[in-house]
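The structure under discussion appears below in the form of structure tokens.
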2 protein chains.
Amino acid sequence: MKGNELDDIDRKILRTLSRDGRISNQKLAETVNLSATPCWHRVKALEDAGFITQYAALLDQRALGLPETVIIEVTLERHDDEIFQRFGDALAELPEVMEAYLLTGEYDYLIKVAVSGTDGYERFLRQKLYKIPGIRHSRSTFTLRCLKRVHSVTP
Amino acid sequence: MKGNELDDIDRKILRTLSRDGRISNQKLAETVNLSATPCWHRVKALEDAGFITQYAALLDQRALGLPETVIIEVTLERHDDEIFQRFGDALAELPEVMEAYLLTGEYDYLIKVAVSGTDGYERFLRQKLYKIPGIRHSRSTFTLRCLKRVHSVTP
DNA sequence: CGTGAAAGAGCCAATAC
DNA sequence: GTATTGGCTCTTTCACG
């Protein structure tokens, strides 16, 4: 992969694989109107160039007993590097935390967690999040409904 | 799958598949200390019971030219069903929108979008988001760094 | 970029234990 | 639950246009 330009076929390959990561090379080649060999070469090139980072099974958080998604915004006490480092590391280790971002603006962090109801949420806060030192303030928002959720941007 | 209880092997299968969705049944069986046949039956049962919703290739948004992640909170003008319905539908169709939630609390929606820099962000706002009627107020926050991002909760 | 061929690996069902 | 068998498909690589 020389220039990072993708043509229409590459994009179609990526779109197809992002919907079905287990599609066989043959079927993939059919859907993008290519024969098997060049299709396979393109897929390998896309993997090597970093467009495809991982193949994964996506799990249903509801089936796993964590149906609620809560957004938590957090501000830390003091803004020194060590506090930030420790807090980020501690967050990443919590299994309930699905996403965590360092922010510009009013709050320092935005965290998305999966919990089981309000009691699961309270347990997470008291037993997990508030055990991490350095939190000055936090604001939680329950999500009522998920309107859209894609694992990858659409190429 | 009768009772929705997962044993340790089921959880290990799910964890392994969520890391590598293309692992062969043989290797999967090895890693969970099972022989191929029962391992395959468990995987099928987990799929049928809805624990595994999809197999997917995960794409790198940076490689695809949309390195920035922006969080946008939105409040709508009037809170009637049709406005909500239209707004949700319109959001879901925008390719930049990776996640969109209906919220409790101060704002109506939380949206996560992938854009290319501040100019890509401005283009998204003016040409896409603000074209959807009904927005009263919005607040954007750029993410500086992603500390954690998992596609599925850890079983 | 394409075809065709061919070896090897893995899938999956049907066995029997 | 394990082990084995066998037909089958898919993968992967090769030579070649």
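The values are calculated or read from the model by the stated rules, or taken from the named source; none is laboratory data. Small disclaimer: the values here were computed from a predicted structure and weren't measured. Please note: Cβ atoms are built from the backbone with ideal geometry, for glycine as well, and neighbour counts cover all protein chains shown. Please note that ligands, DNA and RNA were not included when accessible areas were found on the heavy atoms of the full protein model with its side chains. Shrake-Rupley method; radii C 1.70, N 1.55, O 1.52, S 1.80 Å.
Shape annotation for chain B: C-alpha extents along the principal axes are 58, 36, 23 Å, from largest to smallest. Straight Cα distances below 17 angstrom link A:Lys27 to the lysines A:Lys12, A:Lys44, with same-chain residues fewer than 8 positions distant left out.
In the assembled protein chains, A:Leu94 presents an accessible area of approximately 20 Å² (probe radius 1.4 Å).
The accessible area of A:Leu110, taken with all protein chains in place and a 1.4 Å probe, comes to roughly 10 Å². Across segment B:69-127, Cα pairs under 8 Å and at least six residues apart give a relative contact order of 43 percent. Annotation note: trypsin sites (Lys or Arg not before Pro) in segment B:15-81 located in DSSP loop regions with a Cβ neighbour count of at most 10 within 10 Å are B:Arg78.
Between A and B, roughly 6000 Å² of accessible area is buried in total, ligands, DNA and RNA not counted and the probe set to 1.4 Å.
Running a GNM on chain B with Cα contacts under 10 Å, which residue among B:Gly21, B:Gly50, B:Gly134 ends up with the highest mean-square fluctuation? In the Gaussian network model the winner is B:Gly50.
Longest stretch of chain B clear of exposed loop sites (GluC sites (Glu not before Pro), DSSP loop, at most 14 other Cβ atoms within 10 Å, sites excluded): B:6-76.
Kirkwood analysis of segment A:24-63, using all unique Cα-Cα pairs, places the hydrodynamic radius at 11.7 Å.
Would you tell me the mean number of C-beta atoms belonging to other protein chains that fall within 10 Å of each C-beta in B:91-104, as a whole number?
On the way: counts 2, 4, 1, 2, 4, 2, 6, 7, 10, 7, 12, 5, 6, 7.
Mean shielding by partner chains, rounded to a whole number: 5.
Net charge near A:Arg145, counting Lys/Arg +1 and Asp/Glu -1 over other residues with Cβ under 14 Å of its Cβ? Please list the in-between numbers first.
Working: positive: A:Arg62, A:Lys148, A:Arg149; negative: A:Glu68, B:Asp81, B:Asp89, B:Glu99, B:Asp108.
Local net charge: -2.
Please report the carbon-and-sulfur percent of the accessible area for segment A:38-132; probe 1.4 Å, protein heavy atoms only, DNA, RNA and ligands left out. Carbon and sulfur atoms account for 47 percent of the accessible area of segment A:38-132.
Classify segment A:48-96: rounded, prolate or oblate, from the alpha-carbon gyration tensor (a ≥ b ≥ c, eigenvalue square roots; a/c under 1.5 rounded; otherwise prolate if a/b is larger than b/c)? Oblate shape, in that a/c is at least 1.5 and b/c is the bigger or equal ratio.
Under a model in which nothing but the beta-carbon of Lys, Arg (+1) and Asp, Glu (-1) is charged, segment A:26-155 shows a dipole of about 440 debye around its Cα centre. Please determine, in degrees from 0 to 90 and to the nearest 10, the orientation of helix A:117-127 with respect to the longest principal axis defined by the Cα atoms of chain A, where the helix direction is its Cα long axis. Taking Cα atoms only, the helix is inclined about 70 degrees. The overall shape of the protein assembly as shown is oblate: from the C-alpha gyration tensor, with semi-axes ordered a ≥ b ≥ c, the ratio a/c is 1.5 or greater and a/b is no larger than b/c.
Expressed per residue, the C-alpha convex hull volume of segment B:90-155 stands at 129 Å³. Take each residue of peptide A:108-119, count the partner chain Cβ atoms within 10 Å of its Cβ, and average: the result is 2. With the whole protein complex present, B:Asp10 retains an accessible surface near 10 Å², based on a 1.4 Å probe. Compared with the dominant Cα axis of chain B, that is its longest principal axis, helix B:81-93 is turned about 60°.
Determine the shielding of peptide A:63-70 by partner chains: average, over its residues, the number of Cβ atoms on other chains within 10 angstrom of each Cβ.
Details: counts 12, 10, 4, 3, 0, 0, 4, 1.
Rounded to a whole number, the mean comes out at 4.
Using only alpha carbon positions, build the gyration tensor of segment A:52-127, then give the equivalent ellipsoid semi-axes as the square roots of 5 times its eigenvalues, largest first, whole angstrom. Whole-Å semi-axes of the equivalent ellipsoid: 24, 17, 11. Pairing the Cα long axis of helix A:8-19 with the longest principal axis of chain A, what angle in degrees results, from 0 to 90 and rounded to the nearest 10? Helix A:8-19 sits roughly 50 degrees off the main axis of chain A.
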